[in-house]
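Here the structure is laid out as structure tokens; the discussion comes afterwards.
The values are calculated or read from the model by the stated rules, or taken from the named source; none is laboratory data. Model, not experiment: these values are computed from the prediction. Neighbour counts run over all protein chains shown; Cβ positions are idealised from the backbone, glycine included. The accessibility values were calculated without ligands, DNA or RNA, using every heavy atom of the protein model including side chains. Shrake-Rupley method; radii C 1.70, N 1.55, O 1.52, S 1.80 Å.
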Amino acid sequence: MAAALAACGTAKEAGDKKDTVKKKKSGPLSIALLLPEDQTARYEKFDRRLITKHVKELCADCTVHYANAKSDVAGQQQQMDSMITKGVDVIILDAVDSKSAAGSVKKADKAGIPVVAYDRLAEGPVSAYTSFDNEEVGKVQGRALLKALGAKAGDGEIVMLNGWEADPNSASYKKGALSVLEGKVKIGKSYDVDRWLAEKANENMAGAISSLGKDKIIGVYAANDNMAGGAITALKSGGVDPLPPVTGQDAELAGVQRVLSGDQYMSVYKPYEPEAAAAAEMAIALGRGAKVDAAGTVDSPTTKGIPATLITPIALTKENVKDTIVKDGLWPVDKICTAKYAAACRAAGLK
Ligand code: GAL
């Protein structure tokens, strides 16, 4: 994992900030938690709950002030302003748009409030960062797609449905995926899908089918499950049969069910617990004016040497649903294995 972190950088900006940060060695802290959207299940169902749980475990008296920006950039700026006005001790920020977040991060810094960038690396003087190794996410998706294509990789074209470009992770996923796919398979069409929306992915996929021709498409790189769902609906209504392998990410319930039934080839399982635990630890350390414990450092376009802990993602296919997400309790078997998926569940050893 450490190898994936940029070890370079002078740590200047990140290092210098310490002196401006409020020191609150003991007593309850008030912690702002700002998440970016609510269409991907992870934020409301996992990240919010797990971060709050870890904060409470480390500091029972600490309070968490929560807001979800619902993909609205200006809305998140207002949420940042209101947390700064409230005088919280530290902010955990998963930015809707990493570039636009820079102004708010600067304001917080001026007010002596450290910011932990969560999952997406906000620009501006953030004090720490935790996420997954996002280039590795893209590589995991790309490798899986090549594996699914096997000897057919040269027989047609793939369509890439990349994440929203305002999210810095999208560029990392794409870069990782391209590093594996380029030279091995022809990319017929590539889209940066607006706001990660399933309906936009559906439109883009329908466009690709009509311009490339339904018999040419041998695979689909979809950056997350939400978009994979939209793409699969378009493939089905466009008469693409059999369905080509489609990738995804997030181990969403519907995504896991599609992986089991075979409609979607794979997803990426990102264990949220260690990411949430790292964010809680970082926030409390910073709120207390203590040093952040991180595995390495990363650089953002504006800030060098940000202490960072990156978690390793896991490829999720039919074969390992049982030993990964079911074992870790992400989704209970009863939720996954509804009547429609009974046979697929039995085949995967789930029921
Ligand atoms: C990314 C995040 C993914 C997915 C996506 C859509 O930044 O890492 O897990 O949720 O946004 O919101």
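Some observations on this one:
- The single condition among (1) surrounded by fewer than 24 Cβ atoms within 10 Å (Cβ to Cβ); (2) out of contact with any Pro (no Cβ under 8 Å at 6 or more places or on another chain); (3) modelled with pLDDT of 95 or more that A208 does not meet is (1).
- Hey, V126 open to solvent by less than 20 Å² (accessible area, probe 1.4 Å) and without any contact (Cβ under 8 Å) to a residue 40 or more places away in the chain or not: no
- If the condition is being away from the ligand (no atom under 16 Å from the Cβ) and open to solvent by less than 40 Å² (accessible area, probe 1.4 Å), then the stretch 95-122 contributes A102, S104, V105, A108, D109, G112, I113, P114, V115.
- Leading residue by the ranking (farthest from S267 (Cα to Cα)) among those in the stretch 211-230 that are within 15 Å of the ligand (Cβ to nearest atom) and either open to solvent by 30 Å² or more (accessible area, probe 1.4 Å) or among the small types (G, A, S) (or both): G230
- The residues of the stretch 261-298 that are within 16 Å of I325 (Cβ to Cβ) and surrounded by fewer than 21 Cβ atoms within 10 Å (Cβ to Cβ), listed by number, are S261, P271, E273, P274.
- Test: Y43 is of a type outside the set (V, I, T), more than 16 Å from the ligand (Cβ to nearest atom), more than 30 Å from K186 (Cβ to Cβ) and not assigned by TED's automatic domain parsing to the domain that holds E199: no
- Residue in the stretch 304-321 that is more than 21 Å from the chain's Cα centre (by Cα), surrounded by fewer than 23 Cβ atoms within 10 Å (Cβ to Cβ) and assigned by TED's automatic domain parsing to the domain that holds H65 present: yes
- Of the residues making up the stretch 182-203, those that are open to solvent by less than 60 Å² (accessible area, probe 1.4 Å) and in contact with a strand residue (DSSP E or B) (Cβ under 7 Å, 6 or more places away or on another chain) number 6.
- Total residues in the stretch 45-74, condition small (G, A, S) and without any contact (Cβ under 8 Å) to a residue 12 or more places away in the chain: 2
- Evaluation of P125 against the conditions (1) within 19 Å of Y221 (Cβ to Cβ); (2) away from the ligand (no atom under 16 Å from the Cβ) shows that the sole unmet condition is (1).
- Within the stretch 139-163, if we keep just the residues that are free of Cβ contacts under 8 Å to residues at least 60 places away in the same chain and touching a helix residue (DSSP H, G or I) at 6+ places or on another chain (Cβ under 7 Å), the residue that is farthest from I51 (Cα to Cα) turns out to be L146.
- Pick from the stretch 161-181, criterion away from the ligand (no atom under 16 Å from the Cβ) and crowded, with 16+ Cβ neighbours inside 10 Å, ranking: nearest to P244 (Cα to Cα): L181
For every residue, the table says whether it meets (1) farther than 22 Å from V180 by Cα; (2) free of Cβ contacts under 8 Å to residues at least 40 places away in the same chain.
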| position | (1), (2) |
| --- | --- |
| R195 | yes, no |
| S211 | yes, yes |
| I217 | no, no |
| L235 | yes, yes |
| D241 | yes, yes |
